[in-house]
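S.K.: A single structure is presented below for examination.
The values are calculated or read from the model by the stated rules, or taken from the named source; none is laboratory data. This one's a predicted model, so the numbers in the text were calculated from it and none came from an experiment. Glycine gets a Cβ as well: all are built from the backbone with ideal geometry, and neighbour counts include every protein chain shown. Keep in mind that these areas ignore ligands, DNA and RNA; they rest on the heavy atoms of the full protein, side chains included. Shrake-Rupley method; radii C 1.70, N 1.55, O 1.52, S 1.80 Å.
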Amino acid sequence: MALQQIVEQTVAGLGYDLVEIERSAGGLLRITIDLPWVAPAEGAALPPVEQFITVEDCEKVTRQLQFALEVDGVDYKRLEVSSPGIDRPLRNEQDFARFEGEVVDITLKEPLGAAAGGQVAANRKKFRGTLERAAGGGWQIVWSDAPPVKPGQRVSKKREPAPLQALGFTLDELREARLAPIVNFKGRGAKPGAADQ
């Protein structure tokens with residue numbers, strides 16, 4: 001049985017989602033897991049608190065994977081099971097739906113070239129913006145090239161805000177997509193402002 005299949009079956013059997021499998025030099029096998037996500041039903045309230053992977057979850061998956069990998073004779077020196085972390089990769093349509101409205105970093109396989117129309121550099125491949133559903137289906141990120149406001153800096157109410165830009169894309173056009181590693185030290189209840197982005 002292939003490594004991907006063994007790991008997927010073991011992780012799913014324990015009630016988790018497989019995010020990523022990575023083999024590194026020195027025989028390290030790194031497995032990233034997350035809690036399963038189900039899209040909320042139309043009009044349903046979102047769960048009050050988002051759940052996260054715990055150390056106990058990682059230990060449980062590690063023990064089961066060690067057994068499964070040994071049975072199937074998979075060669076590795078060290079196994080590491082972890083949560084996806086603050087810069088979680090987005091791999092499929094469900095990941096994009098789950099994190100709609102979040103700030104993401106995307107890297108395109110090819111630069112925009114002439115399609116940029118002078119709006120951004122033609123050789124640009126990396127973008128950071130808010131993930132949204134595009135009007136015609138698919139996905140887009142929306143961003144502003146305004147410089148970030150520094151803490152304590154006063155911003156004139158008369159100052160024109162920088163225009164928003166949007167880039168539509170398909171999952172096939174992406175080399176990589178990840179949640180932007182933005183840390184908010186104001187706590188969960190704080191409303192994100194311009195300084196947070």
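S.K.: Can you run down the residue pairs with Cβ atoms below 9 Å, 6 or more apart or on separate chains, where the first is in region 171-191 and closer than 23 Å to I141 by Cα and at pLDDT 70 or above and the partner is in a strand (DSSP E or B) and among the charged types (D, E, K, R)?
M.R.: If the second residue must be in a strand (DSSP E or B) and among the charged types (D, E, K, R), the pairs left are E176/D105; A177/D105; R178/D105; L179/D105; A180/D105; A180/R128; P181/D105.
S.K.: Let me ask something else about it. From the list Q5, Q9, Q66, pick out the single residue that is in contact with a helix residue (DSSP H, G or I) (Cβ under 9 Å, 6 or more places away or on another chain), part of a helix (DSSP H, G or I) and at pLDDT 90 or above.
M.R.: Selected residue: Q9, the only one of Q5, Q9, Q66 that is in contact with a helix residue (DSSP H, G or I) (Cβ under 9 Å, 6 or more places away or on another chain), part of a helix (DSSP H, G or I) and at pLDDT 90 or above.
S.K.: A further question on this structure: If you take the residues of region 143-174 that are open to solvent by 50 Å² or more (accessible area, probe 1.4 Å) and β-branched (V, I, T), which of them is nearest to the chain's Cα centre (by Cα)?
M.R.: T170
S.K.: Identify, from the list L46, L35, the residue that is open to solvent by less than 40 Å² (accessible area, probe 1.4 Å) and either at pLDDT below 90 or not polar (S, T, N, Q) (or both).
M.R.: Within the list L46, L35, the selection yields L35.
S.K.: Determine the pairs where a residue that is farther than 18 Å from F52 by Cα, located within region 1-30, has a partner that is outside any helix (DSSP H, G or I) and of a type in the set (S, T, N, Q) with Cβ atoms under 8 Å apart, the partner being 6 or more residues away or on another chain.
M.R.: I21/T32; E22/T32; R30/S24; R30/S82
S.K.: Within region 115-135, count every residue that is assigned to a loop (DSSP other than H, G, I, E, B) and either closer than 17 Å to G101 by Cα or open to solvent by less than 80 Å² (accessible area, probe 1.4 Å) (or both).
M.R.: The number of residues fulfilling the criteria is 9.
S.K.: Moving on to the next point. Counting only residues that are of a type in the set (A, V, I, L, M) and assigned to a loop (DSSP other than H, G, I, E, B), which one in region 140-161 is farthest from G101 (Cα to Cα)?
M.R.: My answer is V155.
S.K.: Quick check on R128: is it at pLDDT 90 or above and farther than 30 Å from R63 by Cα? I'd like the intermediate steps shown before the answer.
M.R.: Values: at pLDDT 90 or above: yes; farther than 30 Å from R63 by Cα: yes.
In short, yes.
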